[in-house]
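Take a look at the structure below.
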Amino acid sequence: MKFLEFIESDWIARKTHELVSIKSETLSESEICEFYASELESLGLVVERRPVSNGRFNIYGKLQGVKSQQSLIFNGHLDTIPIGEAWPPRISQDKIFGRGAEDMKGGMAALLAMLRAFKLSQTKLQGDLWITAVVGHEDAEAEKDGPKAMCNDINSGKISGDAILIIEGDSELWTMSTGSTVFQIILYSKLGGTHTNNISMSQNPIHFIGKIIEAIVTLQEKMDSGEKHPLVGSPRVDLGRIVSGDYYNRTPSVSTIEGIIRWLPGTTLNETQELLHKIIDPIAQEGDLDVEIKFMLTREPFEVPANNYALKIASSAVEKTTGVKPRIIGKRIVGDANIFMPETGITTFYYGPGYTTAHSNEEWVSITALTSLAKVLGSFAIDFLEESN
């Protein structure tokens, strides 16, 4: 493929460094959005700046195909978690350091490198190629406003795609994720706050918090011995925070237990909610406690079948370009594919340059990996859309 001759590591390194040098924490993405949109326009794409909120916008760039019979969407996000100590950006040997280097500005730079190589090699594609960049991915405060807006635009016909590839993760084809929801169990004591000396330990709400924790441990044991998914194993329930009481010898009037539960494809959020109520409600009743369970940041699972056409083409493109057949993997963590695929019905999966330093103080991405990624993405686009010279 002629375009491969025009994939330049130095160019990718410089462009990644430029992107990482623009601060773009969630809800403050306007500057990087304009920069990226201008880059796409300079490479010949027709670009729409789709307003989301307060000067923030998604970017939809279209590389028109010869016949527009098939279309492909490449996607990524431009926002980052707070910069913290991952600053200032720098290049050191084969690595680019800085907030967003791996998650996921390096991948977005690889897309630009691919488009540049198409332009310089005069590569023409049969179908339409969309480059989409969203805001509002990282921080929960944004409520995934960018990805949700993109789903609306797909469903309305503004964007079209027969497959979505998110440029994130390891150099593996990430094709499924569990569903997940954050839960908050709130226990209200009818005793109110009273001196612990006036009641027995068996009446203390903290005693029943212990029983709930024990029941959740038992639930996980049952999950471990039950249905397993070949890519991720068992469903999972975890606890992260318990808040109870305001004084060492007063009973708590309100207690909260917070955690996250993840379920496999084929199980629904409603079934998961019923499962938690089934084990928690009887314990609360035993302790004469009123209970409320809140569910937040919910994502349904997604899964791409192993025989999916787009997935097969992607796997072939990786092997042809790198000489290595990629692994098919799943993860318990959730991402935007958990929104895109359930909401639009479009096959969605991931392939990226690496996923080992994201969100760390020493976040970095390999220039070699980005160069390889740009080649894989171009090969996949050409094969999926069928090159026309």
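The values are calculated or read from the model by the stated rules, or taken from the named source; none is laboratory data. These figures come from a predicted structure and were not determined experimentally. Every residue, glycine as well, gets a Cβ built from its backbone with ideal geometry; the counts of neighbours run over all protein chains shown.
Would the range 12-20 turn up any residue that is in contact with a strand residue (DSSP E or B) (Cβ under 8 Å, 6 or more places away or on another chain), over 18 Å from Asp336 (Cβ atoms) and of a type in the set (Ser, Thr, Tyr)?
Filtering the range 12-20 down to residues in contact with a strand residue (DSSP E or B) (Cβ under 8 Å, 6 or more places away or on another chain) leaves 13, 16-17, 20.
Going one step further and asking which of them are over 18 Å from Asp336 (Cβ atoms), we end up with 13, 16-17, 20.
After this cut, where a residue has to be of a type in the set (Ser, Thr, Tyr) as well, the list is 16.
The answer is yes, given that some residue of the range 12-20 is in contact with a strand residue (DSSP E or B) (Cβ under 8 Å, 6 or more places away or on another chain), over 18 Å from Asp336 (Cβ atoms) and of a type in the set (Ser, Thr, Tyr).
Could you count how many residues in the range 42-81 are among the β-branched types (Val, Ile, Thr) and out of contact with any Leu (no Cβ under 8 Å at 6 or more places or on another chain)?
4
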Within the range 177-185, identify whether any single residue is of a type in the set (Phe, Trp, Tyr), over 28 Å from Gly266 (Cα atoms) and touching a helix residue (DSSP H, G or I) at 6+ places or on another chain (Cβ under 7 Å), and answer yes or no. no
Residues being in contact with a strand residue (DSSP E or B) (Cβ under 8 Å, 6 or more places away or on another chain), surrounded by fewer than 24 Cβ atoms within 10 Å (Cβ to Cβ) and over 20 Å from Ser9 (Cα atoms) - total across the range 75-117: 4
Please go through the range 211-241 and pick out each residue that is closer than 14 Å to Leu275 by Cα and β-branched (Val, Ile, Thr). Ile212, Ile216, Val217, Thr218, Val237
Odd one out for Gly65 among (1) crowded, with 22+ Cβ neighbours inside 10 Å; (2) over 21 Å from the mean Cα position of the chain (by Cα): (1)
Are any of the residues in the range 198-205 of a type in the set (Val, Ile, Thr) and at pLDDT below 95? yes
Matching residues, the range 305-322, being in contact (Cβ under 8 Å) with a residue 12 or more places away in the chain and farther than 22 Å from Gly127 by Cα: Ala306, Thr322
Within the range 186-208, the count of residues that are surrounded by 22 or more Cβ atoms within 10 Å (Cβ to Cβ) and in a strand (DSSP E or B) comes to 2
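Among Gly107, Gly127, Gly136, Gly76, which is closer than 21 Å to Phe6 by Cα and modelled with pLDDT of 95 or more?
Numbers: Gly127 fails: closer than 21 Å to Phe6 by Cα; Gly136 fails: closer than 21 Å to Phe6 by Cα; Gly76 fails: closer than 21 Å to Phe6 by Cα.
After applying the criteria, what remains is Gly107.
Just the residues that are of a type in the set (Phe, Trp, Tyr) and under 19 Å from Gly352 (Cα atoms), please, taken from the range 96-133. Outline the logic, then answer.
Here is the first cut: in the range 96-133, the residues of a type in the set (Phe, Trp, Tyr) are 97, 118, 130.
Hits for the range 96-133 are Phe97, Trp130.
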Does Phe74 satisfy the criteria of being in a strand (DSSP E or B), touching a residue at least 24 places away in the same chain (Cβ under 8 Å) and closer than 23 Å to Tyr350 by Cα? yes
Considering only the range 224-261, state which residues are aliphatic (A, V, I, L, M) and closer than 20 Å to Pro282 by Cα. Val237, Leu239, Ile242, Val254, Ile257, Ile261
Check off (1) under 30 Å from Glu319 (Cα atoms); (2) surrounded by fewer than 21 Cβ atoms within 10 Å (Cβ to Cβ) for Gly127 and give me the number that stays unchecked. (2)
Given (1) surrounded by fewer than 19 Cβ atoms within 10 Å (Cβ to Cβ); (2) in contact (Cβ under 8 Å) with a residue 12 or more places away in the chain; (3) not hydroxyl-bearing (Ser, Thr, Tyr), number of the condition Leu289 does not satisfy: (1)
Any residue that is surrounded by fewer than 20 Cβ atoms within 10 Å (Cβ to Cβ), assigned by TED's automatic domain parsing to the domain that holds Leu377, within 23 Å of Gly146 (Cβ to Cβ) and without any contact (Cβ under 8 Å) to a residue 24 or more places away in the chain - is there at least one of those in the range 333-347? yes
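Residue under question is Leu19, and the condition is that it be crowded, with 20+ Cβ neighbours inside 10 Å and more than 20 Å from Thr80 (Cβ to Cβ); does it hold? I'd like the intermediate steps shown before the answer.
Details: crowded, with 20+ Cβ neighbours inside 10 Å: yes; more than 20 Å from Thr80 (Cβ to Cβ): no.
In short, no.
So which residues in the range 228-245 are farther than 30 Å from Ser189 by Cα and surrounded by 12 or more Cβ atoms within 10 Å (Cβ to Cβ), if there are any at all? Step through it out loud before you land on a result.
To start, the set of residues in the range 228-245 that are farther than 30 Å from Ser189 by Cα comprises 228-235.
Selection gives Lys228, His229, Leu231, Val232, Gly233, Ser234, Pro235.
Keeping to the range 17-41, report how many residues are part of a helix (DSSP H, G or I) and in contact with a helix residue (DSSP H, G or I) (Cβ under 9 Å, 6 or more places away or on another chain).
Just the residues of the range 17-41 that are part of a helix (DSSP H, G or I), to begin with: 17-20, 30-41.
Filter once more, keeping what is in contact with a helix residue (DSSP H, G or I) (Cβ under 9 Å, 6 or more places away or on another chain): 17-20, 32, 35-36, 39-40.
Counting residues in the range 17-41 that are part of a helix (DSSP H, G or I) and in contact with a helix residue (DSSP H, G or I) (Cβ under 9 Å, 6 or more places away or on another chain) gives 9.
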